[in-house]
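Quick notes on the structure that follows.
The values are calculated or read from the model by the stated rules, or taken from the named source; none is laboratory data. This structure is a prediction, so every number in the text was calculated from the model and none was measured. A quick note on method: Cβ atoms are made from the backbone with ideal geometry, for glycine too, and the neighbour counts reach across all protein chains shown.
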Amino acid sequence: MTFFKYLDGEGLSFGILRELIETIADRTQNGDGCGELLDDPALAAVGVGPTHILRIRRAWRRYQYRAENPPQVSEKAAKTLKRGRLRFHLKRPDDPRLGDLAGLAEHSEGCDEIPAHRWYAADRGVRDGLLWIEVIPPEGGTDPLVDKIVLRSIAERSERRAIQTAADALYSLLSRPPISAAVAGAVSDGKRTWVQIIDGDSVELGFGDLDGLCTWLERREIGHVGVARISGRGSLSEIIQRLSKKGLSVEPVRAAGLMKQAKKLGGAIKPAAAAVCARRHQDPLTGYADLDADELGLGEYLDQVDARRLRGALDDVRQVAEWERRHGKTKAPVARGLGTSPMVKELADLRPGMQLAGTVANLTNFGAFVELGLSAQGLIHLSELAEKFIKHPSEVVQVGDRVRVRVLAVDLKKQRISLTLREDRDTSRRGPKNQRVEAIRDLDKLFKK
């Protein structure tokens, strides 16, 4: 099968001429980056843009894999993928390593319905020798070859979704326009706070010395601050609240890879971390430039996808973001800053029904994680992002969006916060259908980490 036919079968040819599709594939194979392709006059003339390039190149990597590992074809496997089911069995129900996987015991789900995050949770259980997966064809019977084909197909589909989710999250992060005003970074370990202005002064303060922090920043006319927790269990909520009241724009900065970048700067590690925090907040595109894209914590279970295809997809996103910056095609400036409720300083202060402000930190196939300035991020499950059915969180929110959320539930022991963007609903009347929906939702919560 030619690449064009494969792409067309995937619904990703976009009406582009076969010759141009093959040109993109050939140049990708020869090492050309996204910028070189986007600058190609022939491609630009027919309207080929960043979205087309990113999707076509991701599909090209999948095509390469299939060429090296041809998929087996079976009519029975095709029927099983469409109408069959999976059932999960625990090998040792009393194994102390099971944790949340215990909730999968005897769970059954359609082969065409299983979401990527649940597949990866089960797959990790298989790799760890904790469970096994039974494939149940619609017409009964067992066939090891069919099982192999079905499980491989589900794994490929899940990887495709996981990589796309990570790529979309990275694009949302890197495409944010830079801040032109003075920016400071502040990091805390729960005992001390280190602050660094880009190309400017620095200071070390006690974690609770918020008056001193505000005064220090005001004297230097700082309007924007990126904050991060580098160790300990201290909440950033009070820092965010106090600085926000002073009129500063304050946002939590992604902590993944922060200390690695700080070590590269040399000197004392925590002041260096504050400097990295400031640079990330001022301009994510340059602030994360010396860190591999797959080290940014862009989604769950990414350690289980093919590292080469993941890195290729994420590197493509970075190249596109750089190209758009060079050509003045960045997003319009976005409102920045994160306000928090003065009633909330720790997770224990949260109550169901509370309204909170937050920033979308990450997207997964099953929902959006929101930074609230607390010791744990909150999760808006896919079913709580909109009143209508959606297939992916990116239909509603993007990384970096500021959102107003409502607390559904808090699990202090597991450090989990369940949030919603939906309107408040009367939960006193629950019919059988609602009970089933909630049962499925509860099962999904077993795999949030």
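So here's what we get for this one:
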quantity: Number of the exception - GLY35 against (1) under 24 Å from GLU322 (Cβ atoms); (2) free of Cβ contacts under 8 Å to residues at least 12 places away in the same chain; (3) touching a helix residue (DSSP H, G or I) at 6+ places or on another chain (Cβ under 6 Å); calculated: (2)
quantity: Entirely in the range 122-220, the strands (runs of 3 or more DSSP E) that have 2 or more residues that are modelled with pLDDT of 90 or more and β-branched (Val, Ile, Thr); calculated: 131-136, 183-188, 192-197
quantity: Matching helices (runs of 4 or more DSSP H) fully within the range 233-287 where at least 1 residues are of a type outside the set (A, V, I, L, M) and surrounded by fewer than 18 Cβ atoms within 10 Å (Cβ to Cβ); calculated: 237-245, 258-265, 284-287
quantity: Flag for ASP147 being more than 19 Å from ARG308 (Cβ to Cβ) and touching a helix residue (DSSP H, G or I) at 6+ places or on another chain (Cβ under 9 Å); calculated: yes
quantity: Extreme residue, surrounded by the fewest Cβ atoms within 10 Å (Cβ to Cβ), among residues of the range 176-188 that are of a type outside the set (A, V, I, L, M) and over 11 Å from HIS281 (Cβ atoms); calculated: SER180
quantity: Single match in ARG220, ARG242, ARG229 (criterion: touching a Cys at 6+ places or on another chain (Cβ under 9 Å), among the basic types (Lys, Arg) and assigned by TED's automatic domain parsing to the domain that holds ARG192); calculated: ARG242
quantity: Residues within the range 170-205 that are in contact with a Leu (Cβ under 9 Å, 6 or more places away or on another chain) and free of Cβ contacts under 8 Å to residues at least 60 places away in the same chain, tallied; calculated: 4
quantity: Qualifying residue in the range 189-207 (condition: within 25 Å of THR364 (Cβ to Cβ) and loosely packed, with under 15 Cβ neighbours inside 10 Å); calculated: no
quantity: Qualifying helices (runs of 4 or more DSSP H) (wholly inside the range 23-119; at least 3 residues being under 19 Å from THR142 (Cα atoms)); calculated: 75-83
quantity: Every pair of residues 6+ apart whose Cβ atoms lie under 8 Å, when the first sits in the range 139-155 and is in contact (Cβ under 8 Å) with a residue 60 or more places away in the chain while the second is among the β-branched types (Val, Ile, Thr) and part of a helix (DSSP H, G or I); calculated: VAL146/THR80; VAL150/THR80
quantity: Qualifying residues in the range 357-395 (those that are β-branched (Val, Ile, Thr) and crowded, with 19+ Cβ neighbours inside 10 Å) - the one farthest from ALA121 (Cα to Cα); calculated: THR359
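For (1) surrounded by 15 or more Cβ atoms within 10 Å (Cβ to Cβ); (2) of a type in the set (D, E, K, R), each residue gets a yes or a no:
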| residue | (1), (2) |
| --- | --- |
| ALA45 | no, no |
| ARG57 | yes, yes |
| GLY84 | yes, no |
| LYS91 | no, yes |
| LEU104 | yes, no |
